[in-house]
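These notes are about the structure you will find just below.
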Amino acid sequence: MITDKTYKALKILEPTKDYSVVMSAFVFANHFWGDDPEKQYLFTAMTNNGNGATASKKAWLCAGSYLSKLAKKGLVRWQPSLKGYHSTGYQITSKGLETIKEYETKIKG
């Protein structure tokens, strides 16, 4: 059984079931934490990466880390750019879609 947090993440990624669509870690972060007042520091803190300070970097780094954990479980996958023809980002897998259905069935039942 997955957690509520994992369910929320998978529902955000559900539109990527069409394999021509991917979601970047930054876009995912905006959907996942964008309306949470306790997580706004992720979007406003300045981070120095050695090449200068960058705002919002913490948001996409945390999102990328979380999505990588989901990828290790087989629920999402990383889609690298193929010679510039496709965007780079994350997509939900068939296992991720099945997990959503299982979660919703157990919650309703």
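The values are calculated or read from the model by the stated rules, or taken from the named source; none is laboratory data. Small disclaimer: the values here were computed from a predicted structure and weren't measured. Note that each Cβ is placed from the backbone with ideal geometry, even for glycine, and that neighbours are counted across all protein chains shown.
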Within region 59-109, the residues that are at pLDDT 85 or above and of a type in the set (D, E, K, R) are LYS69, LYS72, LYS73, ARG77, LYS95, GLU98, LYS101, GLU102, GLU104, LYS106
Quick one: what pairs do we get from region 63-86, first residue closer than 16 Å to LYS8 by Cα, second aromatic (Phe, Trp, Tyr) and at pLDDT below 95, C-beta under 6 Å, 6+ apart or different chains? ALA63/PHE28; LEU67/TYR90; ALA71/TRP78; VAL76/TYR90
Tally up the residues in region 28-47 that are in contact (Cβ under 8 Å) with a residue 12 or more places away in the chain and under 17 Å from LYS11 (Cβ atoms), please. 6
Suppose we keep only residues that are without any contact (Cβ under 8 Å) to a residue 60 or more places away in the chain and within 10 Å of the chain's Cα centre (by Cα) within region 9-26. Which one would you say is farthest from LEU75 (Cα to Cα)? PHE26
Listed residues ALA71, ALA63; which is of a type in the set (A, V, I, L, M) and under 15 Å from LYS5 (Cβ atoms)? ALA63
Looking only at region 17-64, count how many residues are in a loop (DSSP other than H, G, I, E, B) and either among the aromatic types (Phe, Trp, Tyr) or buried (at least 16 other Cβ atoms within 10 Å of the Cβ) (or both). 4
